[in-house]
Every structure is written in C-alpha cells, then in structure tokens.
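Below is one structure, written out as structure tokens; the observations come after it.
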Amino acid sequence: MSNLLALSGVNTRIGHYHILQGVDFVVPQGGFTMLLGRNGAGKTTCLRTIMGLWKASAGRIDFDGADIAGRSTPAVAQLGIGYVPESMGIFAGLTVRENLTLAARDGPIDEKRLDWMFGLFPALKKFWHLPAGHLSGGQKQMLAIARAMIEPRKLLLVDEPTKGLAPAIIAHMVEAFRELKRTDTTILLVEQNFNFARSLGDTVAVMDSGRIVHSGNMGELAGNEALQYRLLGLSLDAHQ
C-alpha cells in the first residue's frame with residue numbers, strides 16, 4: 001500500500017516554544033491512521049501544521065507526491081484535504097443546510113452524496129433547517145465531519161471527534177467512520193479514547209513531547225497492554 005501522506009523531520013515553533021521536534025510518520029493510502037499521545041504531546045499542532053495553519057520551520061510534508069510544507073491553508077485544502085478541528089468549526093447561527101452549503105466550495109451540493117451522508121448522520125436531515133447552535137454536542141460533531149466531507153476528499157484530518165460525547169453517540173460515530181472507510185477515504189485521526197482508536201485504526205503513530213515515539217500496526221499496540229501503558233500512560237485508559 002502506498003503512502004498518501006508522509007512527514008519527514010517536521011519541526012514547528014510557536015513563539016518561543018518548539019512544539020514539533022523532528023516528526024516522522026506516514027499515512028497509508030485508503031487506511032485509517034490514529035495519532036495518539038498524552039495531552040500536550042503535539043498532536044493538534046501536527047494536524048494544524050499539515051493544514052498550513054501553523055508553518056513548519058523545517059522538514060517535509062509530502063502529500064500525494066508533492067511537498068506541501070509552507071503552502072497556505074486554502075492551497076492545502078484545494079489539494080483535497082479536509083480538516084475537522086477539535087473546536088468543530090461550525091457556524092452556530094446558520095442552519096445545518098447553510099453550514100453544508102458553505103462547505104461545498106465547488107458548486108451546489110451533490111444530492112446523491114447528501115443522501116449518503118444523511119444515512120451516516122440521520123440527525124442532520126431531521127434538523128436540516130435548525131440553527132447549528134441548537135444541536136447537541138454529538139450532533140454538532142456530526143455536522144463538523146459532514147462539512148469536511150460534503151465534497152470528496154483525498155484525506156480527512158479529524159481532531160478528537162469523541163471528546164465529551166456520550167457512549168451511545170460514540171458508538172454511532174464508530175459506525176459512521178466504518179462506513180466512511182468503505183469509501184476508501186484516507187483518514188488521520190487524533191483521539192484520546194483508546195477503545196475508539198483501536199476499533200477503527202489500521203495503523204498508529206504515538207507522539208510524546210513533540211516526537212513520534214512509536215509507529216506501526218494498530219493490532220500490535222492494541223494487543224500489548226504493557227506497550228500501551230509505556231507509551232500512553234494513565235491519561236489514555238484502554239478500558240474506557
């Protein structure tokens with residue numbers, strides 16, 4: 001399997017802080033890669049650097065054969081990368097329909113794709129004309145993901161989609177992501193819920209203090225509790 005995304009020696013500085021310190025990992029084409037690590041390890045900064053929201057001070061970010069380090073965020077998005085930030089990035093005062101319409105940059109929403117997304121997230125159809133600010137936390141997260149995939153994307157970056165969600169909503173999110181995987185969309189996802197991560201991940205990269213300290217097959221990490229404890233500590237509970 002070829003790699004759609006590869007980070008090589010990526011460094012990111014924010015003010016006086018050296019956050020990413022030589023990050024190296026790959027995201028295979030068509031797979032689901034989980035980016036794990038303790039709080040403050042640099043995971044969100046890594047996603048934001050890929051998107052051009054923070055500029056890499058050194059290293060390469062190769063996407064689909066081209067080095068995108070240093071490109072603007074709109075230029076990165078035009079290449080086919082969607083981003084769902086931890087803050088969700090939805091417009092609370094606009095309706096669900098308006099949020100999705102604004103996200104469809106290439107023209108009117110494709111009706112077949114919209115119907116497919118309604119199958120993934122039925123609540124979006126139910127609340128189509130409701131302001132997004134009125135949705136529950138789980139429904140807002142579904143809308144944020146739908147905004148990023150309203151048009152086909154080569155790569156989807158998702159930052160902590162289950163944060164603060166009830167177990168029943170998380171279970172639905174797992175099924176929605178499994179359906180998305182069947183479309184061969186490549187996904188890089190930051191997550192703190194290890195059960196969620198291991199149920200979906202094909203490959204995994206673990207960050208600590210701005211560096212990648214482990215990468216490989218998710219099955220290897222999921223089956224090794226000692227390795228989980230050493231890499232992830234107590235901030236990620238494998239039994240939650």
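The values are calculated or read from the model by the stated rules, or taken from the named source; none is laboratory data. All values reported here derive from a predicted model rather than from experimental measurement. Counting neighbours? That spans all protein chains shown, and the Cβs are built from the backbone with ideal geometry, glycine included. Accessible surface areas use protein heavy atoms only, side chains included; no ligands, DNA or RNA. Shrake-Rupley method; radii C 1.70, N 1.55, O 1.52, S 1.80 Å.
Each principal axis of the Cα atoms in the chain has its own extent, and those three values, largest first, are 46, 40, 37 angstrom.
At the residue level, Phe196 shows approximately 10 square angstrom of accessible surface with a 1.4 angstrom probe and all protein chains present. Take Tyr229: with every protein chain present and a 1.4 Å probe, its accessible area is about 140 Å². Look at where the Cα atoms of the range 1-30 and of the range 66-120 average out, and the two centres are 23 Å apart. Here the range 10-88 exposes an accessible surface that is 52 percent carbon and sulfur, computed with a 1.4 Å probe and the other protein chains kept in place. A cut-off under 12 angstrom between Cβ atoms defines the neighbours of Arg113, and their net charge, with Lys, Arg +1 and Asp, Glu -1, is -3. In a reduced charge model with +1 at each Lys and Arg Cβ and -1 at each Asp and Glu Cβ, the range 89-206 shows a dipole moment near 120 debye about its Cα centre. Tell me, how many Å apart are the Cα centres for the range 127-152 and for the range 173-188? Answer, in whole Å: 17.
Structural descriptor for the chain: relative contact order 27 percent, calculated from alpha carbon pairs under 8 angstrom and at least 6 residues apart. Relative intensity of the range 1-136 on a log10 scale, I(q)/I(0) at q = 0.17 Å⁻¹, equals -1.04, per a Debye sum over C-alpha point scatterers of equal strength in the absence of solvent.
Solvent exposure of Arg198, expressed as accessible area, is near 90 Å², computed with a probe of 1.4 Å over the protein chains only. Taking each DSSP H run with n ≥ 4 as -39500 (n - 2.57) and averaging over every residue of the chain yields -10000 deg cm²/dmol at 222 nm. Note on the chain: antiparallel DSSP beta bridges, both residues inside, total approximately 55 percent of the bridges counted. Using a probe of 1.4 angstrom and keeping all protein chains present, the accessible surface of the chain works out to 45 square angstrom per residue.
If we count every other residue with Cβ under 13 angstrom of Leu130's Cβ, Lys/Arg +1 and Asp/Glu -1, where does the sum land?
+3
Long hydrophobic helices in the chain: none of the complete DSSP H runs spans 27 Å or more by Cα along its own axis with mean Kyte-Doolittle hydropathy of at least 1.0.
Within the straight-line cut-off of under 21 Å between alpha carbons, the lysines reachable from Lys125 are Lys112, Lys140, sequence neighbours fewer than 8 places apart in one chain being disregarded.
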